[in-house]
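These notes concern the structure reproduced below.
The values are calculated or read from the model by the stated rules, or taken from the named source; none is laboratory data. The structure displayed is predicted, hence computed values, not measured ones. No Cβ is skipped: glycine too gets one built from the backbone with ideal geometry, and neighbour counts run over all protein chains shown. The protein model used for the area step is the full one, side chains on, heavy atoms only, and it has no ligands, DNA or RNA in it. Shrake-Rupley method; radii C 1.70, N 1.55, O 1.52, S 1.80 Å.
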Amino acid sequence: MSRAPILDRLKILADAAKYDASCASSGTAKRNSTKGGIGSTEGMGICHAYAPDGRCISLLKILLTNHCIFDCHYCINRKSSNVQRARFTPQEVADLTLSFYRRNYIEGLFLSSGIVKSSDHTMEQIVEAARILREEYDFRGYIHLKTIPEADPEIIHRAGFYADRVSINVELPTDAGLTRLAPDKDARQIEGALGKTSSDIVEAKDAKKRFKHAPRFAPAGQSTQMIVGADAASDADIVGRASRLYDSFDLRRVYYSAFSPIPDASAVLPLKRPPLIREHRLYQSDWLMRFYDYRPQEIMQATEADGNLPLDIDPKLAWALKFRERFPVDVNRASREDLLRVPGLGVKAVQRILASRRHRTLRLDDVARLTVSLTKVRPFICTIDWRPTLLTDRADLRSLLAPKQEQLELFAA
Amino acid sequence: MTALQHVRPHAHYTVQLPRSDDFAFWRERARALIQCDIPPDKVAWIEPSGNGDLFSNGGMRLPEPPADAPPVRASKRYLSVAQNAALHRDPQRFALLYRLLWRLQRNLRIMEDKADPDVRRVEELDKNVRRDSHKMHAFVRFRQVEEEGGAEHYIAWFEPEHHILRANAGFFMRRFASMRWSILTPQGTLHWDGETMHEGPPAQKADAPQGDPVEDLWRTYYASIFNPARLKVGAMLSEMPRKYWKNLPEAALIPELVAGAQKRESEMVAAGELSFEERPGSLEAIGEAIEQCRKCPIGCLDNRAVMGEGPGDAALMIVGEQPGDQEDQEGRPFVGPAGQLLDVHLERAGIDRSRAYVTNAVKHFKFVQRGKRRLHQSPTAKEIDTCRWWIEGERELVQPKLVLAMGASAARGMLGKTVSISKVRGQAMSLEDGSELWVTAHPSYLLRLDGDAREKQAALFDADLAAVRERLAELAQ
């Protein structure tokens, strides 16, 4: 079979992979190559470049092939789409990864694929690329493999031994959306595969504690992705689904990808893209649940009548404006939990406040030094020299705090 | 105080540092000065470069700490912050570190007081240096050169903001231990030969190789992984500020990628060419709208749209593939040969066609002209999917309890995927609005068969219709 030059195929297969949001390379086991091989992972992920879409480029994120026997409507690679097709061999992927890695362009590989021939065959090929990197080149950088829920669990299991992270996309926040937009996929099968991987990870961790040489299994855990705005699911639905996924499968991350118009789109999709800010608000709510002790129900309380989070203000401020009776919070006495609820106070600022107040009684000036912006915080706190008497109850507080609408920044080179 | 007799009360001391990043040297000297009780305002710290010579001999000889001086105390947090802060290019950093160390002797927990200006400043320096190191890990770009004997040598040019080169040697050594590499900077150079690290004098950009063929692949990757539908220039700039761009091969592409982004997005949307805004709210309005529909190539042929017909509240909706030649001429569904055959079978099964809503998955007749005849052509998956917009509108309005899809195209119009008739016929599938979908063959399939095969298929068709009639009766209760 004659092949196009590698440059042309890279163009097609990187282009086809760009709708996956994740590019994380953090949180895996520490490795280095001082005793042989090539590469290292030191805990912290590294973004080697940023694209003008604001996304980090940490990994070589490509598809093995964009040929696909599935027909998912939101996907540019679906069977009935007219995009140009290409494929790499596992060997080519491994070689490309290394030549990028040696030049310090990337932290490793994120490999996914359209489904060719069968799910098993495709999964075998993905695992083979990772095997060449790990076994033949002794590659110690980061590998993220997308697994195919329909594939033989045995093959998926092998992927976990080569990869730092494995992921399966749940694709859509509701089962009805999945049935409608991804008719070849099955929600139960996806959750089954997530569950199996989750228990494999737990088992491997347990074995590692008892036997020093037990092999590592996906040390950076598993993640998943949901498309936002392709179906009718509201933010409340999405947050609810995400929190159930976090709970049931011990996921490291749930990624949100704002549905973006794709070339040669299918007719059942909305043409209008959801505002990018919606994706941002969902990530913020994700943060609130993971680091600020918000329960999913509380995020849902912050949504508006249509079940969506407000777009003009962040969910934490939205929650605070709805529950004004919880404020102001006294920075000199309040608990960590209560301080974390104050809009404008991050986890670090709260830590700083807690540490500082052992040494002094905080004044407003002190708080100004400990936080990024005093304006945002002021209506919700009191210090020894400040009480926001009327401010907290003002009806127009929201418009006072909402960021000014900015003109889209045009590029000035 | 007897031990400190050689310390003069009003003397100033100057410490000349051998290197800008020599934290160990600073720590030794600072420890001695604290033990001699020299207050911060009496010590000047001089870096090697710049105008250090003016002062280097002006200060007093450093005192020897007394043998019984108490040990100098430092908290763990102070040490970890100070190590980084010492690498900052701020000339005041060593004075700040000494002042904090001095205050730390009186209050060992001072680092916890985050509102203290000195603590704030030193933490800021620490943060800047950590960020610069992190950006160095990210933005160093090696270029490969072949040396005599074919050995590969990877060389990078990088311009750090602070004195971080030596501190980060270990990171690159651990990562690229098996490679021969060099990092050249204006502050100095590092060379790793696979076994040992060598340091060299400051270098210039011209000392590094000017290109690498793999950079074309990297630039292609960078341009392709960028999604033009989401432009967030601000987010990119905050993490990859312009000052780094000059040494990043991919950064040259950014202006044109950004400029082209909005254009590319509108092209993508236009290429999809789907301007389905609001769906008409009545069957009549849909009937008018489909006449104008040109969303797929079939609509552009010389034909007319054929709307479904039947009661607007029918319990049964029968869906065929697309109008044929006769349907197109008459403008009504299922009036040609297949329609006549359907009528025969419906009657046999006891289903009253006049009480059903009869329509097609595709609204226009797709054909190729052969002389005077117009030959039927099957619609493609994409054309069926495009037309789903209309059939779903009809289904929403009629709200049938049961939908009978005849043939693979009709089934696709309902399900969005292609199913095998033989596998799914004779059983109910549930649709998302709660109604039931039954799938059977298209009557025109029977027309194409003859002999035993036709009889066999006709029997199956009858059986499917009979099952539908029974199910309808159940649903009606």
- With the solvent-accessible surface defined on protein heavy atoms using a 1.4 Å probe, which residues belonging to segment B:90-115 display a reduction of at least 40 Å² in accessible area in the multichain context relative to the isolated chain? B:GLU112, B:ASP113, B:LYS114, B:ALA115
- Dipole-positive endmost among A:VAL377, A:LEU400, A:ILE353 within segment A:315-401 (Cβ charges, Cα centre): A:ILE353
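If you place +1 on the Cβ of every Lys and Arg and -1 on the Cβ of every Asp and Glu, how big does the dipole about the Cα centre of segment A:17-176 come out, in debye to the nearest 20? Show your work: numbers first, answer last.
Numbers: 19 positive and 19 negative charges, 99 e Å.
Dipole size: approximately 480 debye.
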- Per-residue ellipticity at 222 nm for chain A, helices alone: DSSP H runs ≥ 4 residues times -39500 (n - 2.57), over residue total, nearest 500 deg cm²/dmol? -11000 deg cm²/dmol
- Query: Between segment A:84-116 and segment B:366-391, how many Å separate their Cα centres?
  - Reply: 41 Å
- Extend 7 Å from the Cα of B:GLN326 along its Cα-to-C-beta direction; within segment B:445-462, residues with backbone N under 17 Å of that point are B:445-449
- Here the whole-number average of other chain Cβ atoms within 10 Å per Cβ of A:71-80 is 3
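On alpha-carbon atoms, Rg over Rh for segment B:78-227 using Kirkwood Rh? Please list the in-between numbers first.
Numbers: Rg = 19.4 Å, Rh = 17.7 Å.
Rg/Rh: 1.10.
So for segment A:53-180, what are the equivalent ellipsoid semi-axes in whole Å, largest first, each being the square root of 5 times an eigenvalue of the Cα gyration tensor?
Taking √(5λ) for each eigenvalue gives 25, 17, 15 Å, largest first.
Once you average over the residues of A:40-50, how many Cβ atoms of partner chains fall within 10 Å of each Cβ?
The mean count of partner-chain Cβ atoms within 10 Å per residue comes to 6.
To the nearest 0.05, what FRET efficiency results for B:ALA69 and B:ALA95 with a Förster distance of 22 Å applied to their C-beta separation? If you can, show how the numbers build up before the last one.
Details: r = 22 Å, r/R0 = 0.99.
So, using R0 = 22 Å, E works out to roughly 0.50.
About the Cα centre, and with charges only on the beta carbon of Lys, Arg (+1) and Asp, Glu (-1), how big is the dipole of the protein assembly as shown? Nearest 20 debye, please. Can you show the working numbers first?
Working: 127 positive and 120 negative charges, 618 e Å.
Here the protein assembly as shown has a charge dipole of around 2960 debye.
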- Per q in 0.14, 0.17, 0.22 1/Å, what log10 I(q)/I(0) does a Debye calculation on the alpha-carbon atoms of segment A:128-247 return? -0.66, -0.88, -1.22
- Across all Cα atoms of the protein assembly as shown, Rg and the largest Cα-Cα distance (Dmax), in Å, are 34.3, 125
- Residue (of B:GLY194, B:GLY287, B:ILE254) at the positive-pole extreme of chain B, dipole from beta-carbon charges: B:GLY194
- Ignoring ligands and nucleic acids, what accessible area does A:THR34 show with a 1.4 Å probe (Å², nearest 10)? 70 Å²
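On the protein heavy atoms, probe 1.4 angstrom, tell me the percent of accessible surface of segment B:283-476 carried by carbon and sulfur. If you can, show how the numbers build up before the last one.
On the way: 4270 of 8860 Å².
The value for segment B:283-476 is 48 percent carbon and sulfur by accessible area.
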- Residues in segment B:360-385 occluded by at least 20 Å² - accessible area, probe radius 1.4 Å, against chain by itself: B:LYS382, B:ASP385
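Among A:LYS209/B:LYS135; A:LYS205/B:LYS76; B:LYS42/B:LYS135; A:LYS79/B:LYS295, which pairs are too far apart, with a Cα-Cα distance over 28 Å? Numbers along the way, then the final one.
On the way: A:LYS209/B:LYS135 35 Å; A:LYS205/B:LYS76 31 Å; B:LYS42/B:LYS135 37 Å; A:LYS79/B:LYS295 20 Å.
Table pairs above 28 Å Cα-Cα are A:LYS209/B:LYS135; A:LYS205/B:LYS76; B:LYS42/B:LYS135.
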- Note on the structure: To the nearest 20 debye, chain A has a Cα-centred charge dipole, built from +1 on Lys and Arg Cβ and -1 on Asp and Glu Cβ, of 1420 debye
- Within 10 Å, count the other beta carbons around each residue, average over each peptide in A:106-114, A:78-86, B:361-369, and list them highest first. A:106-114, B:361-369, A:78-86
- Query: Given labels modelled 7 Å from the Cα in the Cβ direction, how far is it in nm from A:ASP152 to B:GLU291?
  - Reply: 6.0 nm
- Task: Mind putting together the pair-distance distribution for segment B:140-207? All Cα pairs, 10 Å bins, whole percent per bin, short to long.
- Result: 21, 57, 21, 1
- Please work out, to two decimal places, the log10 of the ratio I(q)/I(0) at q = 0.19, 0.26 Å⁻¹ from a Debye calculation in which every Cα of segment A:315-401 carries one identical scatterer. -0.78, -1.48
- Task: Give the accessible area for B:CYS300 in Å² (nearest 10); use a 1.4 Å probe, count only protein heavy atoms, and leave out ligands, DNA and RNA.
- Result: 90 Å²
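Among B:127-136, A:172-181, B:414-423, A:143-152, how do they line up from the highest to the lowest mean number of other beta-carbon atoms within 10 Å?
On the way: B:127-136: 18.6, A:172-181: 20.4, B:414-423: 16.6, A:143-152: 23.9.
Per-residue Cβ counts within 10 Å, averaged per peptide and sorted highest first, yield A:143-152, A:172-181, B:127-136, B:414-423.
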- Query: Rounded to two decimals, what ratio of Rg to Rh does segment B:283-476 give with C-alpha atoms and a Kirkwood Rh?
  - Reply: 0.94
- Query: For chain B, what is the relative contact order in percent, using Cα pairs closer than 8 Å and at least 6 residues apart in sequence?
  - Reply: 8 percent
- Query: Which of the listed residues, A:PRO275, B:LEU316, A:PHE211, is farthest toward the dipole's positive end in the protein assembly as shown, when Lys, Arg count +1 and Asp, Glu count -1 at the beta-carbon?
  - Reply: A:PHE211
- Item | Order of exposure, largest accessible area first, which applies to A:MET44, A:MET226 with probe 1.4 Å | A:MET44, A:MET226
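Would you mind calculating the gained length between B:ARG242 and B:ALA466 on full extension (0.36 nm times residue separation, minus the Cα-Cα distance), in nm to one decimal? Provide the component values of the computation, followed by the final result.
On the way: separation 224, 0.36 × 224 = 80.64 nm, distance 7.28 nm.
Fully extending the segment from B:ARG242 to B:ALA466 adds 73.4 nm.
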- Can you grab the distance from the C-alpha centre of segment B:95-112 to the C-alpha centre of segment B:69-90, Å, no decimals? 9 Å
- Using a 1.4 Å probe and ignoring any ligands, DNA or RNA, find the accessible area of A:ARG341 and quote it in Å² to the nearest 10. 20 Å²
- Note on the structure: For A:LEU400 and B:LEU375, extending 7 Å from Cα along the Cα-Cβ vector and measuring point to point gives, in nm, a value of 7.7 nm
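Distances longer than 32 Å among the Cα atoms of chain B: what percent of all pairs is that? The partial results should precede the final answer.
Details: 72851 of 113526 pairs.
Here the long-distance tail beyond 32 Å is 64 percent of all Cα pairs in chain B.
Give me the accessible area per residue for segment B:283-476, probe 1.4 Å, as a whole number in Å². Walk me through the numbers on the way to the answer.
Values: 8860 Å² over 194 residues.
Per residue, segment B:283-476 has an accessible area of 46 Å².
Kirkwood hydrodynamic radius (Cα pairs, Å) of segment B:188-242? Please list the in-between numbers first.
On the way: mean 1/r = 0.0661 Å⁻¹.
With all distinct Cα pairs of segment B:188-242 included, I get 15.1 Å.
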- So what's the Cα pair-distance distribution over segment A:6-274, bin width 10 Å, in %? 7, 30, 38, 20, 4, 0
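Among the trypsin sites (Lys or Arg not before Pro) in segment A:1-51, which ones are in a DSSP loop with at most 12 other Cβ atoms within 10 Å of the Cβ? Mind listing them?
Numbers: sites: A:ARG3, A:ARG9, A:LYS11, A:LYS18, A:LYS30, A:ARG31, A:LYS35; in loops: A:ARG3, A:LYS18, A:LYS30, A:LYS35.
Those that pass, being in a loop and sparsely packed, are A:ARG3, A:LYS30, A:LYS35.
With loop defined by DSSP as not H, G, I, E or B, and exposure as at most 11 other Cβ atoms within 10 Å, which is the longest segment of chain B clear of exposed GluC sites (Glu not before Pro)?
On the way: sites that count: B:GLU147, B:GLU195, B:GLU277, B:GLU278, B:GLU432.
No qualifying site falls inside B:279-431, the longest such stretch.
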- Item | 17 Å Cα-Cα reach of B:LYS232 towards lysines, excluding residues that sit fewer than 8 places from it in its own chain | A:LYS18, B:LYS263
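Counting each pair of different Cα atoms once, what's the Kirkwood radius of segment B:218-266 in Å, rounded to one decimal? Intermediate results must be reported in sequence, preceding the final value.
Details: mean 1/r = 0.0882 Å⁻¹.
So the Kirkwood estimate lands at 11.3 Å.
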- Sorted list, accessible surface of protein heavy atoms, 1.4 Å probe, largest first, for B:LYS263, A:LYS316 is B:LYS263, A:LYS316
- In whole percent, the fraction of accessible protein surface over chain A that belongs to carbon or sulfur atoms, probe radius 1.4 Å, stands at 51 percent
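Give me the accessible area buried between chains A and B, both sides summed, with a 1.4 Å probe, in Å² rounded to the nearest 100. Each step should come with its number before you reach the end.
Numbers: alone 20740 and 26200 Å², together 39840 Å².
Buried area between the two chains comes out at roughly 7100 Å².
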- Which percent, nearest 5, of DSSP beta bridges in chain A are antiparallel? 15 percent
- Item | Cysteines without a disulfide-compatible neighbour (Cβ-Cβ under 4.7 Å), chain A | A:CYS23, A:CYS68, A:CYS382
